[in-house]
1. Please tell me the relative contact order of the chain in percent, rounded to the nearest whole number, where contacts are Cα pairs under 8 Å and at least six residues apart.
2. Quick query: amide H of Arg328 versus all other amide H atoms, modeled in the peptide plane; which residues come in under 5 Å with a sequence gap of 5 or more or a different chain?
3. What is the angle, in °, between the Cα long axis of helix 87-100 and the longest principal axis of the Cα atoms in the chain? Nearest 10 is fine, range 0 to 90.
4. Helix 297-309: angle to the longest alpha-carbon principal axis of the chain, degrees 0 to 90, nearest 10?
5. Based on the mean of other beta carbon atoms within 10 Å per residue, what is the order of 192-198, 33-39, most packed first?
6. Let a ≥ b ≥ c be the square roots of the eigenvalues of the Cα gyration tensor of segment 2-100; is it rounded (a/c under 1.5), or, if not, prolate (a/b larger than b/c) or oblate?
7. Take the Cα atoms of the chain, build their convex hull, and give its volume per residue in Å³.
8. Which peptide among 176-186, 47-57, 347-357 comes first, and what is the full order, when sorted by highest mean count of other Cβ atoms within 10 Å?
Amino acid sequence: MIENFYPNPIVVQRLQAGPLNAHIDTFAQQLFDEGYALWTVKYSVRLLADLTTWMQQQGLTITDLSELPVHAFFQNRYQSRRPHRDDQGILKKLLAYLRTEGIIAAPVKAMGDPAYASMVQAFQHYLVYQRNLAPSTIHYYLNTVAHFLNQRFGTQPPNPDALCAQDVTGYMLQQARRYSAGQTQLIASALRSFFRFLLQQALITTDLAQCVPTPARRCLSTLPKFISTDDVECLLHSIEQKTPEGRRNYAIMQLLARLGLRAAEVAALTLNDLDWDVGEIIVRGKGGRCDRLPLPYEVGQAIANYLRDGRPSCSTRCVFVRHRAPQRGFVNGEAVGTIVRRALEQAGLNPAHKGAHLLRHSLATRLLRNGASLAEIGELLRHRDLNTTQIYAKVDESALRGLALPWPGGEV
C-alpha cells in the first residue's frame, strides 16, 4: 500500500527493511484519512524512510523511539539538510500513533523522577474515577499542580511531605496578583483536590487543603455580559454560509444562541447525540451529566445543512470537525470561542466580553425580558442550583423598577 503514496522503489525498500516497516502503511493511511494533502503524506513517508535508516545505523528498535532519539535524529539530519516546517509535526504525530498502539511508552514528564510520574498518574486516576471531572478540568488541574510543584521544587524530585502551609499561601498570593478572582478560584480548587488526594494516599500528614486561601469573589457582584436580541440576529446573519466552514460556524452559532450550550458542550457533540426521529439533542455537560433538549427547527436545519454539504468525510464521530488537516473534532471549547470572536469582529460588534458564553447570557437575558421565570431559564441552561440563575434577575429592569423606592423630593 505504501507504493500508493511513494512509488520510488528505493524509498519503499528502505522502509520495508527498517524497524518501522509494520506501521508505515497504517500511519500513512491515517494521515491521508485525516485530510492531509497527498504531497504532505509523500513527504512524511520520505522523512520516515530517513528516520528508519538512521535508526538502523544507531542500532535502535521501534520500542526505543521517544522524544530524545527524535531530537538526536534531527540534529544529525540538519547538519546536511535545511529544516522543513513539517518535520517536527510529522514525527510528533508518529510518536502519538505508536503510543496509541501501545508500541512505545508514554512520554516522560518534565520532572523525570519515576515517583513523580507515578504520583501524577495516580492523581489523574483519582480525578477521573473518584471526582468524575470533565477531561478539560482534569487537564487544567494537572497543569496547575505541575506548575506548583515545579515552582516549589525546581529540578529536584518533588517531595510532598516537605510541603508546608507557607508554600501554599505564598503560591496562591503570587497567582492572585496575576489572575482574576475567577481564575484564582480555579487554581485554588486544583490545589485543594491535589492535597486531598495526597492526604488520602498518606503522602502527607497535614491537611494542606485547609491552607489554600479562598479568593474573594462576591456572589452576584457583577452583571452578566450579553448583547441585545438585534445584535444576536445581526451576528447570525453576518456568517457566510456558502462555504463548508461557514456552514459549520453557522450551525455552531445557532446552538450557542438558541439553546445556550457551553463551548465545551458544542465541541463534545457526536453524531450519536442527534436524535432526528424525535427532534432532540443529547448534551453532555459538566460532571458527566447528560440532558436531552428539544432541537428547534432552525438549529436542526443548520446542522443538517452542514452535515450534508459542509462536513468533511472522515472517521471521527464528532459533529463539528476541523476543516484543515488533521480533520478531527475540536479538542476542547477553545476553538468554539475563537469562532465566536471572529464572527463578532466580522459583524462589527465589539462587546466587552467576546467568548462563547456571551450568547448563553444573551439567551437567558432575552428569555427573562420576554416573561420566562428564573426556574424555566435554569432548566434550559441546565443549572443544578437555582442560585446560579439568580444573576439574571439583575438585568430584569422592568421587575426591578417596581422595587425601587421613590427618590426623596422627586415626583410621586
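1. It rounds to 14 percent for the chain.
2. Here Arg322 satisfy the definition.
3. 80 degrees
4. 20 degrees
5. The packing order, highest mean first, is 192-198, 33-39.
6. On the way: a/c = 1.30, a/b = 1.25, b/c = 1.04.
Taking the square roots of the gyration eigenvalues as a ≥ b ≥ c, segment 2-100 is rounded.
7. Working: hull volume 86.2 nm³, N = 412.
Residue-normalised Cα hull volume stands at 209 Å³.
8. Going by the mean number of other Cβ atoms within 10 Å, highest first, we get 47-57, 347-357, 176-186.
Just so you know, all these numbers are worked out from the coordinates, no wet-lab data involved. Everything numeric in this text was worked out from a predicted model, so none of it was measured. As a convention, Cβ positions derive from the backbone with ideal geometry for all residues, glycine included, and neighbour counts pool all protein chains shown.
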